[in-house]
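Since the structure comes first, as structure tokens, the remarks are kept for the end.
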Amino acid sequence: MTKEDRRNAFLYCRFRDEQFALYDEYAKNNGILMKTFLVLNVLFYAKDGMTQKKICERTFQSKQTVSLIIKKLLDEGYVALLENSDDRRNKTVCMTDAGRTYSEKTVRHITRAEDIAMSMFTPEEQKTLIDLSRRFTRNLEALVKSSENDK
């Protein structure tokens, strides 16, 4: 590993942190916690709803965190739980009309901003960005998990 490798890792992670801060600030400016905003975002675009397990997978949040967020959104009338006929233990979380109204402006605005920001790259640049970001994430995941096993 070179000094330049370390510098570039620092810069890449700093850009990632800057993106997280942008999302966090945007959510706060709209009166929503970032983790709640992530859940609202995935539910807004899930026309048929999704299970809490799927929400966890899509938002990379723990079951406990998602459960607390869903409970709060339920209490506020923004989501409803529907029984799954195939598996009664797993309920589907669906956004209510009130939830769609509550989150539509903020969710659509951030999605549009993401889409426009990506469109500012050429198709080749988009593919490169996605491929390299995915590869960095997989490399990081493998290294983090291997160090956990070394403990």
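The values are calculated or read from the model by the stated rules, or taken from the named source; none is laboratory data. Everything numeric in this text was worked out from a predicted model, so none of it was measured. So basically every Cβ, Gly included, is an ideal-geometry build from the backbone, and we count neighbours across all protein chains shown.
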Checklist entry - If we scan segment 94-114, do we find a residue that is among the hydrophobic types (A, V, I, L, M, F, W, C) and touching a Cys at 6+ places or on another chain (Cβ under 8 Å)? => result no
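Residues in segment 88-107 that are under 28 Å from LYS53 (Cβ atoms) and surrounded by fewer than 11 Cβ atoms within 10 Å (Cβ to Cβ): how many?
Start the filter on segment 88-107 by keeping residues that are under 28 Å from LYS53 (Cβ atoms), which leaves 88-104, 106-107.
Restricting the remaining residues to those that are surrounded by fewer than 11 Cβ atoms within 10 Å (Cβ to Cβ) gives 88-89, 97.
So the count comes out to 3.
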Checklist entry - Residue check, THR111 against (1) of a type in the set (S, T, N, Q); (2) more than 18 Å from the chain's Cα centre (by Cα); (3) at pLDDT 95 or above, all met but one. Which one? => result (2)
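Yes/no per residue for (1) more than 24 Å from CYS94 (Cβ to Cβ); (2) touching an Asp or Glu at 6+ places or on another chain (Cβ under 8 Å); (3) in a loop (DSSP other than H, G, I, E, B):
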site	(1), (2), (3)
PHE10	yes, no, no
CYS13	yes, no, no
ASP17	yes, no, no
ALA21	yes, no, no
GLU25	yes, no, no
LYS28	yes, no, no
LYS35	no, no, no
LEU38	no, no, no
PHE44	no, yes, no
Item to check | Lone unmet requirement of (1) in contact (Cβ under 8 Å) with a residue 24 or more places away in the chain; (2) within 22 Å of ARG16 (Cα to Cα) for ASP131 | outcome: (1)
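Taking the residues in segment 1-31 that are among the small types (Gly, Ala, Ser) and surrounded by 11 or more Cβ atoms within 10 Å (Cβ to Cβ) as candidates, determine which candidate is farthest from GLU141 (Cα to Cα).
Initial filter on segment 1-31 (among the small types (Gly, Ala, Ser)): 9, 21, 27, 31.
Checking the rest, the ones that are also surrounded by 11 or more Cβ atoms within 10 Å (Cβ to Cβ) come to 9, 21, 27.
Numbers: ALA9: 14, ALA21: 22, ALA27: 27 Å.
The residue in question is ALA27.
When the residues of segment 32-59 are narrowed to those that are over 19 Å from ARG112 (Cβ atoms) and out of contact with any helix residue (DSSP H, G or I) (no Cβ under 9 Å at 6 or more places or on another chain), which ends up surrounded by the most Cβ atoms within 10 Å (Cβ to Cβ)? I'd like the intermediate steps shown before the answer.
The first filter runs over segment 32-59 and keeps only residues over 19 Å from ARG112 (Cβ atoms), leaving 33, 35-36, 39, 48-59.
Restricting the remaining residues to those that are out of contact with any helix residue (DSSP H, G or I) (no Cβ under 9 Å at 6 or more places or on another chain) gives 48, 51, 57.
On the way: ASP48: 7, THR51: 17, GLU57: 13.
Filtering first and then ranking leaves THR51.
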Next on the checklist: Contact list please: Cβ distance under 8 Å, first residue in segment 70-87 and within 18 Å of MET34 (Cα to Cα), second residue in a loop (DSSP other than H, G, I, E, B), pairs at least six apart or on different chains.
Outcome noted: TYR78/THR96; VAL79/THR96
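Does ILE116 qualify as being crowded, with 16+ Cβ neighbours inside 10 Å and free of Cβ contacts under 8 Å to residues at least 60 places away in the same chain? Full working, then the answer.
Details: crowded, with 16+ Cβ neighbours inside 10 Å: no; free of Cβ contacts under 8 Å to residues at least 60 places away in the same chain: yes.
Answer is no for this residue.
Listed residues ASP5, ASP48; which is out of contact with any strand residue (DSSP E or B) (no Cβ under 6 Å at 6 or more places or on another chain) and either in contact (Cβ under 8 Å) with a residue 24 or more places away in the chain or not in a helix (DSSP H, G or I) (or both)? Break it down stepwise before answering.
Details: ASP5 fails: either in contact (Cβ under 8 Å) with a residue 24 or more places away in the chain or not in a helix (DSSP H, G or I) (or both).
Being out of contact with any strand residue (DSSP E or B) (no Cβ under 6 Å at 6 or more places or on another chain) and either in contact (Cβ under 8 Å) with a residue 24 or more places away in the chain or not in a helix (DSSP H, G or I) (or both) holds for just one of ASP5, ASP48, which is ASP48.
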Next on the checklist: Let me spell it out: the conditions are (1) within 30 Å of LEU129 (Cα to Cα); (2) charged (D, E, K, R); (3) in contact with an Asp or Glu (Cβ under 8 Å, 6 or more places away or on another chain), and LYS91 meets all of them except one. Which number is the exception?
Outcome noted: (1)
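Does SER62 count as surrounded by 12 or more Cβ atoms within 10 Å (Cβ to Cβ) and under 28 Å from ASN29 (Cα atoms)?
Working: surrounded by 12 or more Cβ atoms within 10 Å (Cβ to Cβ): no; under 28 Å from ASN29 (Cα atoms): yes.
So SER62 fails the test.
Kindly indicate which of ILE130, ILE110 is surrounded by 10 or more Cβ atoms within 10 Å (Cβ to Cβ), within 25 Å of LYS28 (Cβ to Cβ) and not hydroxyl-bearing (Ser, Thr, Tyr).
Selected residue: ILE110, the only one of ILE130, ILE110 that is surrounded by 10 or more Cβ atoms within 10 Å (Cβ to Cβ), within 25 Å of LYS28 (Cβ to Cβ) and not hydroxyl-bearing (Ser, Thr, Tyr).
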